[in-house]
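See structure below.
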Amino acid sequence: MDYLKRTWAEIHLDRLKLNMEGFRAALGRDAAGNTAQIMCVVKADCYGHCDRAIAPFLQDTLGVDWFAVSNLEEAVHMRDSGITGEILILGYTPPEAAGEIERYDIIQTVTELPYARELARYIAPGKRVRVHIKIDTGMTRIGLHAQGVSGEAAVNAVCDEAQEIVRTPGICAEGIFTHLAVADSDAPDDAAYTENQRAMILAVAAQLKKRLVLLEQVHYLNSAGGLYLNDSQSTLARLGIVLYGLCPNPALAVPFPLHPVMELRSRVAQVKTVKAGTCVSYGRTFTAPRDMEIATVCAGYADGYPRALSNRGAVLVGGKRAPIVGRVCMDQFMCDVTGLGVKSGDVATLIGTDGCETVTADDIAALCGTIGYEIVCGISKRVPRVIFRDGAAYNVYK
Ligand SMILES: *Cc1c(COP(=O)(O)O)cnc(C)c1O
């Protein structure tokens, strides 16, 4: 098939379903047995996985009706891809775009009162922009922030500001939310921090209710929060990384099997036998300690395969591990296939499973000093996404 030419990412939709079912079962339940509704986070091209294939699958096959994106372009792109459910923009949108937000029936995050007033200034008379109000409870990123006060005074200050936003003509406030900074940690100190964040958003919600400011949604769970907090009060759970089958924190167990949705494969361009003492790749950072078979693979950092893997990590060829040798180049890298019987044209698995061996994005992240999120988000546009469903490839997105 066409996509087998060089380097491609396989995206397995069936695994999304398993991950979502596992996550849903792990969510806390209230007295009536209800859980948070799932809001699928499809920002950054579904964390590099291909939103054009995934979002419609989530909506039409898995029945998801809440989506979150990072910006207006992504939101409009989701509408153009047939998403009719609710779409929340988690980040900043220039207020001049208020009309476009309204026209596409998108929900915008409001970070502070002056921003809400700016949005309102740009909306046509008689129209309203739907918003969720972000409360900064400890992430110190975006959101209403009570300056110089804490505790009850902070709750009141935030509620005063939120109330002004709700009252702003042209603004239709439907929810409040916050973002947890350390929900993926079980250190006692971090657990206390998370509990404080949760207490604050719930206190704000309760105080607003007391003031008869009625908002339908109050949400704060991300993947880690949904897995570890046993919370039944967040009305939505913003499911990101776990949907794609990766852990929020590989050091903490996930209470159900995760199925990584992306596999990254490439092909062996050439295999050569080299003498001991032969240098490999730029900078001569690797010298063969003995006679070796070296395979050149058709992927590099321009495909999002990190250069930090130079002389670290391994790929899988024929179900065996082939350690990377020398520097990863822009479009190619070399690996040691001595004795593995590898030949030109063989498939190399960079992320995923081959036989009994697996390399995960988290494994690669650990070697590169980063997180799995960054690895999958970084797989570049040059890499076609091959969509699998019921075990078979059915579409290729380039
Ligand atoms: C990205 C993001 C999420 C999803 O986080 P995961 O750790 O991937 O589940 C949730 N909420 C906000 C505000 C985000 O920016």
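The values are calculated or read from the model by the stated rules, or taken from the named source; none is laboratory data. Computed from a predicted structure; not experimentally measured. Using ideal geometry, Cβ is built from the backbone for each residue, glycine included, and neighbour counts are taken over all protein chains shown. The area values use the complete protein model at the heavy-atom level, side chains included, leaving out ligands, DNA and RNA. Shrake-Rupley method; radii C 1.70, N 1.55, O 1.52, S 1.80 Å.
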Straight-line reach from LYS381: which lysines fall under 18 Å, measuring Cα to Cα and dropping same-chain residues less than 8 apart? LYS5, LYS43, LYS398
When all C-alpha to C-alpha distances in region 286-398 are sorted into bins of 10 Å, what percent of pairs does each bin hold, rounded to whole numbers? 14, 44, 35, 7, 1
Relative contact order for the chain: what is it in percent, counting Cα pairs under 8 Å that are at least 6 residues apart? 18 percent
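Treat every Asp and Glu Cβ in region 241-314 as -1 and every Lys and Arg Cβ as +1, leave all other atoms uncharged, and give the resulting dipole magnitude about the Cα centre to the nearest 20 debye.
Dipole magnitude for region 241-314 comes out near 280 debye.
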Sorted by chain and then number, the residues having a modelled amide H within less than 5 Å of the amide H of ILE135, at least 5 places away or on another chain, are LEU144, PHE177, THR178
In the Gaussian network model of the chain, springs joining C-alpha atoms below 10 Å, which of ALA36, ALA251, ALA205 carries the largest mean-square fluctuation? ALA251
Quick one: Cα centre-to-centre distance for region 143-212 and region 290-305, in angstrom? 50 Å
Using θ = phi - 60° and Karplus 6.51 cos²θ - 1.76 cosθ + 1.60, couplings along region 86-94 (whole Hz; Gly, Pro as x): 5, 10, 9, 8, 6, x, 6, 10, x
How large is the Kirkwood hydrodynamic radius of region 149-215, counting all unique pairs of alpha carbons, in Å? 13.0 Å
Is the C-alpha gyration tensor of region 313-369 telling us rounded, prolate or oblate? Criteria: a/c under 1.5 is rounded; beyond that, a/b larger than b/c is prolate, otherwise oblate. oblate
Dimensions of region 194-251 along principal axes (Cα, Å, largest first)? 42, 21, 13
Given N residues in region 75-116, what is its alpha carbon radius of gyration divided by 2.2 N^0.38 Å? 1.16
At q = 0.21 Å⁻¹, what is the base-10 log of I(q)/I(0) for region 192-310 according to the Debye formula with one equal point scatterer per Cα and no solvent? Please give it to two decimals. -1.17
Positive end of the charge dipole of the chain (Lys, Arg +1 and Asp, Glu -1 on Cβ, about the Cα centre): tell me which of ALA154, ALA173, VAL42 has its Cα farthest that way. VAL42
Can you give me the accessible area per residue for the chain, using a 1.4 Å probe, in Å²? 43 Å²
Report ³J(HN,Hα) in whole Hz for each residue of region 187-200, in order, from the Karplus equation J = 6.51 cos²θ - 1.76 cosθ + 1.60 where θ = phi - 60°; Gly and Pro get x. 5, x, 4, 5, 4, 5, 4, 4, 4, 5, 4, 5, 4, 5
Count the DSSP beta bridges whose two residues both fall in the chain, then state the antiparallel fraction as a percent rounded to the nearest 5. 55 percent
When all Cα-Cα pair distances of the chain are considered, the percent exceeding 27 Å is 55 percent
With every protein chain in place, the chain: carbon and sulfur % of accessible area (1.4 Å): 51 percent
Can you give me the relative contact order of region 1-122 as a percent, contacts being Cα pairs under 8 Å and 6 or more apart? 17 percent
Take every Cα pair under 8 Å in region 268-313 that's 6+ residues apart, average their separations, divide by the length, and report that relative contact order as a whole percent. 37 percent
Would region 21-151 count as rounded, prolate or oblate if I go by the C-alpha gyration tensor, calling it rounded below 1.5 in a/c and otherwise prolate when a/b exceeds b/c, oblate otherwise? oblate
Quick one: P(r) of region 1-74 from all Cα-Cα pairs, 10 Å bins, percents rounded to integers, in order of increasing distance. 16, 43, 28, 11, 2, 1
